[in-house]
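Beneath this line is the structure, given in structure tokens, with notes to follow.
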Amino acid sequence: MNRQSLIKKFDKQAKKYDKRRINGQASKFRQRIFQEAEGKVLEVAIGSGLNFPYYRNNIELTGLDFSHEMLKTAQNAALNYPFKTTFIQNDIETFEFDENSFDTIISSGSLCAYQDPVDVLNKFQKWCKPEGKILMLEHGISTNKLLAGLQKSLNPLVLKVVGCHQNRNISDIVKESRLSLVREERYLAGYLYLIWAKP
């Protein structure tokens, strides 16, 4: 799928994502991991700002997304939170920050959409300060064989409709990257991955 088609798909989903900020089914998992964000924080593929309720008040947040509509929704949502925000509309797969720019890097439900997710994680390793942290909440292939089979069979259709892969093994992607895995937790039949990593 070309990038412009993918961007249009996420533009169309902005309002739907916005409704999930408070009552999304992953809320308790977002709180579990993203309350640990601190300092200068980069959230890639920030979307509509689903993680805003779980951030500390004193962070400095930079949000990156290639979808204009998602960013517009996130900017409006940010008005309700006390932390300082900066938003950048660009594609993480082609964008560059300076090395060692951030204390925390956040990825939330975005590894499914990248053409080269390992390359994106290697960017995290470069952009995060040596003593910093990378926090991820991602969906991927289930540990349940029946569900995993369904994910594999539906993947072409879901990719075409909403622009994301259902059958990626997030654990393997992290291990292939230059990140150091600190901890991993799996929930919802292993479909949901919570990952704590270091650069």
**Study point:** Of the criteria (1) among the basic types (Lys, Arg); (2) under 19 Å from Ala45 (Cα atoms); (3) loosely packed, with under 15 Cβ neighbours inside 10 Å, which one Arg168 fails
**Key:** (3)
Review point. Does Arg178 meet the test of being open to solvent by 50 Å² or more (accessible area, probe 1.4 Å) and in contact with a Pro (Cβ under 9 Å, 6 or more places away or on another chain)?
Key: yes
Practice item. Confirm whether Ile105 is modelled with pLDDT of 95 or more, assigned to a strand (DSSP E or B), buried (at least 20 other Cβ atoms within 10 Å of the Cβ) and not hydroxyl-bearing (Ser, Thr, Tyr). Key: yes
Check your understanding: So which residues in the range 75-87 are in contact with a Ser or Thr (Cβ under 9 Å, 6 or more places away or on another chain), open to solvent by less than 40 Å² (accessible area, probe 1.4 Å) and closer than 24 Å to Pro130 by Cβ?
Key -> none
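For (1) of a type in the set (Phe, Trp, Tyr); (2) modelled with pLDDT of 55 or more, each residue gets a yes or a no:
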| position | (1), (2) |
| --- | --- |
| Gln4 | no, yes |
| Ile22 | no, no |
| Phe29 | yes, yes |
| Ala37 | no, yes |
| Leu42 | no, yes |
| Ile46 | no, yes |
| Gly49 | no, yes |
Review point. Among the residues of the range 52-74 satisfying the criterion of being modelled with pLDDT under 95 and of a type in the set (S, T, N, Q), which is most open to solvent (accessible area, probe 1.4 Å)?
Key: Thr73
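The values are calculated or read from the model by the stated rules, or taken from the named source; none is laboratory data. The model shown is predicted, which means the values in this text are computed figures rather than measured ones. Glycine also receives a Cβ, built like all others from the backbone with ideal geometry; neighbour counts cover every protein chain displayed. These accessible areas exclude ligands, DNA and RNA; they are computed on the full protein's heavy atoms, side chains included. Shrake-Rupley method; radii C 1.70, N 1.55, O 1.52, S 1.80 Å.
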